[in-house]
Every structure is written in structure tokens, then in C-alpha cells.
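Some notes on the structure that comes next.
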Amino acid sequence: MLQFALWKRLLVIGVVLLGAWLCLPNLLNAGQRAGLPGFMPSETVKLGLDLKGGSYLLLEVDPEELQQNRLLELSRDIQRTLIKKPNNVKFRGREVVDGGVRFRVMEPTQIDEAKRRVRELSSPVGGIGGQQSLNISEQNGVMNVTFSSARLEELEVEALNDSIEVVRRRVDGSGTTDPNIQRQGSNRIVLEVPGLDDPTELIELIQRAGVMTVNLVDETADASQYRLDEPRLGKVKRQDAYSAREYVVHEDPILTGADFATASQGFDENNRPQINFTLKGRGPKVFGDFTSEHINDSFAIVLDGQVISAASVRSPILSGSGRITGSFEIQEANAIAIVLRAGELPAKLQVVEQRVVGAGLGEDSIRAGTTASAIGLALVAIFMILAYGLWGVFAVISLAANIMLIIGSLSGLGATLTLPGIAGIILTIGMAVDANVLVFERIREEHKNGRSPITSIEIGYKQASSTILDANLTTLIAAAVLFWLGSGPVKGFAVTLGIGVFTSVFTAFVLTRMFMADWVRTVRPKKLPV
Amino acid sequence: MLLKYLPTEPKIGFMKLRFGAFALSLVLIIASIAMVATRGLNFGIDFVGGVVIEIETSTKVDIGEIRDALSELDLDGVEVTEIKDNLVAEETGTTIALIKTKAPDAEGEAVEAAVQATASGILSALKDKFGDIEERRKEAVGPKVSGELLQDGIMALVVALGLMLLYIWFRFQWQFSIGAVLALIHDVILTIGMFAVTQFEFNLSTIAALLTIVGYSMNDTVVVYDRVREEMRRYKKMSDTDVIDMSINRTLSRTLLTSGTTLLALFSIFLLGGEVLRGFSFAMIWGVFIGTYSSIFIASAILLHTGLRRGSIGGGENENAPHGAQV
């Protein structure tokens, strides 16, 4: 056990040096790091939001709203397919109720035709052979169409993916640096923004549904005949977003968000903020036709149920580009442009968890953490040296190498250090000497029983190895469970604890053993000092 | 050095004390359960939902004034505490206060929004009254998430206990794993009981602490068990009680040293690591004591009552077969 071949020796020294190498950037400030030559590592330990400050948001896609939105779409599709000529199906009372679309077919002879047409809207989920996406039932001419469970599941997955994309585009568009966006579970999104300590505006931006339509205004309609946001006979009353003014608009939009190619915030000739846009696909033609046919009529631009701008058509707009002016401020214009560019959310996102740490607290935490680590380390070092003398010094050198390896591993692996992670390191400092202590105690015992120093050390290491293996594997199990089931900072704790298990076994069992072997062969003590 | 003066083999009759220890543990377990049932745990917002805000005012402010400013908000149960021992606040003559309130009483979706609204309400009320304040920390957890966080936490504990049980079973024998797991459950209950007594906040990092205590206690137990297994092979004629006593005594100096260094490190987090880690390090300190106690008086002592059969120990199942067997 005490023979170290040269290659083993070099390997051990190599590992320690590698740890030091990876650790190095953490000792330098940003300026010095920038000056490092390219072959040097430049990655420092990534700090968690609790240490550097920032915002953590957990967003949830509302499944009920998602279903409602999709049912409204389905309802419009059903209308479209039923009124197709020839032989259009006559129906009445189309509405979205109890998680389905319901309508009454007026002529009993057309029931089969209605079923056939609705069935055409259905498709197998997940390709041919899958469960149908729609369930269709009929009783006394009343038809009820609902989504099948497979389709509902699929909708949720799609919605989460779409939402992540939209959130990413909106957050990027807002100029936020270095955001981290991740899926969590089946309907949640984690959004982490380092350095942002007031996420109010960002939350507002993310929570906008972003449903944009351009609708024809009915100037002859009497607004008092309508209730706000409740459609009646294909028309609906909408409120202006910036004033008390109300508009009655046709429910069917001329353009929707999908027709917009780009949008950006700019200024008009009076230096007031405006939004410039260009259309794509069928957009330019549709808008051109509309503006040609409706000279002097008004249209309203409706965002999330509120009119943000209304204008009357002076001349046909055939270029496929235009501008939106209104009573908005620059910031609002910018937000609208971002939302338009990023597209609409499949359903509203709810903030279910929000954690914000100011930069000041982060700095305090780092200071408290490093002070606590330094003092903890010093106390443990003094304790070990008092207990074991020279052997204690070996153990302390190993301990120092151990911490270097932990920090080096964290830097090298790109793992995130959190405040509980610092606690994990401190705990490792305390427990890391355990393997050394186990070995030293065994050696002491063997020596007491009258064995020679070298044999005592040999046997001590051999005897302690299975104990060390068992003891550390159980800690590793705890760390793995924490990492697997924990979230956020707890995960950070698990990472340092887990890394600490590996590095402390290495330093105690390999590095200290090398010291012990060298010492016992150079000094050739007649009696061990413990 | 100093260790020379510590005997390698003290002769303490631990197993003679085991019935006293069982009785003590039973009393403590009942007391813990009773405390949790009557006093309850001081759950953090991680588990019940709500808002925690830490602010720093620009000048020294009486904590009572902050309470008054918030009393107009019609929140049920606001706790305002000053963080006194913060060096920064002392130097600059400011006040750092922690404001905590539970999730508002509402149903379903509305409550998630209400939590967010409560947070902004508190901040604007304070800004109105005290002008320029720094938000050091703001956490708002909706009840939907908090319920899941608690479930996940309990899940983590159960899974960890289960895996360790399997590991010990695999490495030793089922009798050992029963002792080890009973000791761990004992530790977890007593630690939760301690939280009920002290009313330290019980939150996500407490769960992490509990799991680490479980790990630490297991570590301790395994060291003793390894020794028991080894000595049982070596001294085939000696009674179980004597073998276990001897094993504990022979590992005692190691136990004291490791607990000693771990406690040194933990006390430095407790005293210097700041507010956020206080509950965590407190749990761990308690856990080190209780874990050490339980590995001796629960985990090892139970071996005497599980019908351990000496014949099945050893016989090449362990490749690190102890050297001393030939002595």
C-alpha cells in the first residue's frame, strides 16, 4: 500500500495541479483575467442568483385558458366548414360551453352532413393510427365537439414549447443580458435573469397575451347597444387602451398577428413614438384590397382586447408596410413592438414563484460565506494539527488541496455555486478529515498492538478502506437524491456535497497516503508520534 | 500530539445503557410529535406560499414604524423583524428589516396573482413612508408551487431513506439496515421536533439539512457497523453485547474527532454565514449530536434485538476481509 510508482505519483501531482490550474481564474479580477493568454482557463465559478443578485421567475401556462383559446379557434373552424357551399349546413347557437363547442343543426336531414364536415377537422394525434383529435357527439340535432384526451395532452406540450419560444424572443427583445430559460415539468417555465433586481416591467412584458388584430370599425353602430368585449351579431365593443373612447368593431379580423413580418419602434415627424411594421404572406394583398375598398372607413388595431390605435383609410396601402401611431409612450411603443415581433402566447402565463435578490444582499452573502469558510478552515486546521501533529499537517495540506479541487471542479464543470453550496463546501471541510481520521486511528491502534510503524500504516490503510468506501457512498446517495429531487439552491448544495465526496476521498486516500509513505521511508521512525 | 492522551480503547459499557437510551429516545420522539402537533412548525413561504421581503432603509428607522406603515395594508399576519447583527447596516447606520406574510386567502388562480399584488403593495407602502429603500430580497411563492415544494421535499427524504436501506442491506445484512433506518427516522423526527420547539423557520434548505443529517448519521453508523462486522468475525466466541461495545469504543476517538471538526465548521456558518444559512446550520449542528447518539444507542443497540446470526457474517462476502482475522 505504501509503494507509489512514478507514474502514479505524477498522476496524483497532475490532478492536484489541474485543480490549481482551473482554480486560478477565481483569484484574479476581471481585468487580469482578460489579460490571460488563450491557453489559460478563464472560467470562474458561476455564481447562483442568490450570490450575484437577479430575478428568478417560475411561469405557468394556464391549462384552462389554453383549452378555452383553442376551443374558440375550433369554434371558428367549425363555422367556416359548415357554411361552405354548396349544401351549406344551417345551424344555430354556436357556443363554447363545458369544455366543448356546441351548436344545433336546423335541418334533421343535414345532421350526417354536419358530422362529416366536422369530422374532416379531426386528425389522428401523433400521426396515422393515433387517437382522433376530436370527439363528436350528437343528440336530437344538438352537436357537441370536444378535444380528445390525447389532443389535450398534445396541446399542452405544444403550448409549452411555443411559450418558451415566445418568452425567449420577448426577453431577448427587451435587451436583457444573459437570461436563462428552461422548461420545468409539463407546464412550467423557469426564467432566470442575473442582475435584474426589479422584474416588474419584464413580468408585464411576458404576461401580455400578444393577440393582435386589425378590425374594421362600424361607425354607424350605436355603442350603447353593446356590452364591452361581448360579441353580438358579429360585432364587439372595444375600449381604447389610453382613453375612455369606445369602438364597435367587426369581430372577424382583417389581419392577425401572424400576418406581421417585422415591427420596430420609431418616431413620426413630430417626434412622437410610433411602431413601424411590415406585413408578410397574404398580408400585403389582404391589406391592399381592404384599404382600396374602404376609403374613408376606419380600422382599429386591437391588442389583447383593447384598441391601441385607430385610423381612417385615406388612400390604398399597397406597399405591405405601415405605421401605428397612438397615445403611447416610447416604452409602451417599444413593448408593443417586441410583443408583435415575438408573436402571441398560446395562453396567458402566470407567475407562480418569484425570487429576487438584490446585488447588495448577494455581496453580503459572498462575504459572509467566505469569512465563514476561512474561519471554519482555520479552526479545523488548528484542531487537526493539535490532535495529530505532523500527521495533522499532512491532513491539512490535503484539505487545502481538496478545497482547491472542489473550486476547480466547479469552475471546470460550469456548475453553479449557490449560498447553500458554500454551506456544502464548509460542511465538506468539516467532514473531509473523516477519512484521514479513520486511517490515523487505525494506524494508532495497530501501533499500540505492537506492530512496526510501516506495517501499522500499511494495515491501517487497508483496514480503513472498506469503511471509507461505505461511509462516502452513503453520503453520495444523499447528495444524488438532493440533486435529483431538489430545486434551485438545494441542487447547488447537492453539487458541492457530491463533488466534495469525490475530492475528499482522493485527497485523504491518495494524497495523504503519499505524504505518509514518503515520510515513513525518509524518517524511518522507530515509533509513531500518535 | 494531544491525541496520545486519548485512549485507543476506552471501556465504556454502552450496551448496558441501551434500555435507558431507548426510553429517553421514546420520550423525545413522543415529545417531538406532540410539539409538532400542538405548536406546529414555523413553515417558510417555500411551503405555505406567501411573501418575504428584505429591505434596507436609507437612514436608521425604528422597526415599529415599519410595522405601523404596514398595518394599514390589511394583510393578515405580517411579521417584521430587524436583522440586527449585519455589519453593513451598523457601519452605514441603516436598518435592515425582514417582512414576512402568508399567502392571502383566495381561491385558485386569483391567489397566485394576489401573492404578487401583496408583494408590490408592501413595497409601495414602504416607499411612500420611508422614501428611498433598497430591496435586498423579494420572494413571492404561490400556494400551488409551495404545496409541490413540500411534497417534493418529503419525497426526497423518503427516497433517500429507502436507497440507504437498500445499500446497507446489500453491503451488510437486513438486520443492520433495520437498525440504521430506525436510527435515521429517529434523527429526522427529533430534528423536526427541535424545529417545533425553537420555531426556527422550516423551509427548503431545512429539507436539505435533514437529508445531510441523514447522510451524516448514516456515515457514523456505517463506521461502527463496519467495525462490528469485522470484530464479529475476529472474536467468534465473544458475546454480541461485548463485541458491539468493543466496536463502539474502538471507533470512539474517530467519532469524537470527526464530530469535533464538523461542529467547528458548522458553528462558523451558524455564527458568520448570515441570516439565510442560520436555520440550516442550526439543524446541522443538532443533527451532528443526534446522529452520533443514534448511531451508538439506536443503530448499534438494535442489532442486539434483531436476531443477528453470527454464522452468516463473513465467509468471503466481503473482499476487504479484515486482516486481523488471522491474529
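Miscellaneous remarks
- Distances between every pair of Cα atoms in region A:208-353, grouped in 10 Å steps from 0 to the bin holding the largest one, split as 11, 40, 38, 10, 1, 0 percent.
- Sorting the segments A:132-142, A:374-384, A:334-344 by their mean number of nearby beta carbons within 10 angstrom, highest to lowest, gives A:334-344, A:374-384, A:132-142.
- Considering only A:Thr146, A:Gln110, A:Gly99, the residue lying farthest towards the positive end of the dipole of region A:72-153 is A:Gln110, judged by Cα position with unit charges set on Cβ.
- Look at the alpha carbon pairs under 8 Å that are at least 6 residues apart: their mean separation over the length of chain A gives a relative contact order of 18 percent.
- With contacts taken as Cα pairs under 8 Å and at least 6 residues apart, region A:208-353 reaches a relative contact order of 30 percent.
- Threshold 20 Å², region A:430-444 residues less accessible with all protein chains present than alone (1.4 Å probe): A:Gly430, A:Met431, A:Asp434, A:Val437, A:Leu438, A:Glu441, A:Arg442, A:Arg444
- Once C-alpha pairs closer than 8 Å and six or more residues apart are averaged by separation and normalised to the residue number of chain B, the relative contact order reads 25 percent.
- Inverse mean reciprocal Cα-Cα distance (Kirkwood Rh) of region A:313-442, Å: 20.5
- Across region B:277-283, rounded Karplus estimates of 3J(HN,Hα) from the backbone phi angles (6.51 cos²θ - 1.76 cosθ + 1.60, θ = phi - 60°) give 9, 5, x, 4, 6, 4, 4 Hz, Gly and Pro being marked x.
- Among the residues of A:131-144, the average count of other protein chain beta-carbon atoms within 10 Å of the residue beta-carbon is 0.
- Size of electric dipole in the protein assembly as shown: Cβ of Lys, Arg +1 and of Asp, Glu -1, about Cα centre, debye, nearest 20: 4280
- Treating each Cα of region A:1-157 as one equal point scatterer and applying the Debye formula with no solvent, the log10 of I(q)/I(0) at q = 0.11, 0.13 Å⁻¹ comes out as -0.62, -0.73.
- Euclidean distance of C-alpha centroids, region B:27-61 and region A:113-190, integer Å: 41
- Furthest towards positive pole of dipole, A:Val302, A:Val437, A:Ile366, structure part chain A, Cβ charges: A:Val437
- Protection proxy ranking of B:165-174, A:75-84, A:466-475 - average other beta-carbon atoms within 10 Å, highest first: A:466-475, B:165-174, A:75-84
- Residue mean of other protein chain beta carbons inside 10 Å, A:211-217: 0
- Between the amide H of A:Leu134 and those of A:Ser123, A:Ser148, distances stay under 5 Å, these residues lying 5 or more places away or on another chain, with hydrogens modeled in the peptide plane.
- Taken as Cα centroids, region A:339-398 and region A:292-318 sit 56 Å apart, rounded to the nearest whole angstrom.
- Solvent exposure of region A:72-153 as accessible area per residue, Å², 1.4 Å probe: 62
- Probe 1.4 Å, accessible area per residue of chain B, Å²: 42
- For the residues of B:39-48, the average number of beta carbons from a partner chain within 10 Å of their own beta carbon is 1.
- A simple rule links phi to the HN-Hα coupling: the Karplus curve 6.51 cos²θ - 1.76 cosθ + 1.60 with θ = phi - 60°, which for region B:259-270 gives 4, x, 5, 4, 5, 4, 5, 5, 4, 5, 5, 4 Hz, with x for Gly and Pro.
- Debye, to nearest 20: dipole size of region A:208-353, +1 on Lys, Arg Cβ, -1 on Asp, Glu Cβ: 280
- Solvent-accessible area, 1.4 Å probe, carbon plus sulfur percent, for the protein assembly as shown: 57
- Of the peptides A:286-299, A:4-17, B:262-275, the ranking by mean beta-carbon count within 10 Å, highest at the top, reads B:262-275, A:286-299, A:4-17.
- When every Cα-Cα distance of region A:81-135 is counted in 10 angstrom steps from zero, the calculated P(r) takes the values 22, 47, 27, 5 percent.
- Kirkwood-based Rg to Rh ratio, chain B, C-alpha trace: 1.10
- Lysine pairs in chain B whose alpha-carbon atoms fall under 20 angstrom of each other, counting only those eight or more residues apart or on distinct chains, come to 16.
- Solvent exposure of region A:208-353 amounts to 49 Å² per residue of accessible area, where only protein heavy atoms count and the probe is 1.4 Å.
- Extreme residue, positive dipole direction of the protein assembly as shown, given options A:Leu410, B:Ala31, B:Leu256 (C-beta unit charges): B:Leu256
- In this structure the amide hydrogen of A:Leu255, modeled in the peptide plane, comes within under 5 Å of the amide hydrogens of A:Val214, none closer than 5 places in sequence on its chain.
- The A-B contact accounts for roughly 6500 square angstrom of buried accessible surface, both chains included, probe 1.4 angstrom.
- Cβ-placed point charges (K, R +1; D, E -1), dipole of chain B about Cα centre in debye, nearest 20: 2520
- For region A:49-110 versus region A:453-516, the gap between their alpha-carbon centres in whole angstrom: 57
- Largest-first ellipsoid semi-axes for chain A, taking √(5λ) over the Cα gyration tensor eigenvalues, angstrom: 70, 29, 17
The values are calculated or read from the model by the stated rules, or taken from the named source; none is laboratory data. Nothing here was measured: the structure is a model prediction, and the numbers come from that model. Every residue, glycine among them, receives a Cβ derived from its backbone with ideal geometry; neighbour counts consider all protein chains shown. All accessible areas refer to the heavy atoms of the entire protein, side chains included, with ligands and DNA or RNA removed. Shrake-Rupley method; radii C 1.70, N 1.55, O 1.52, S 1.80 Å.
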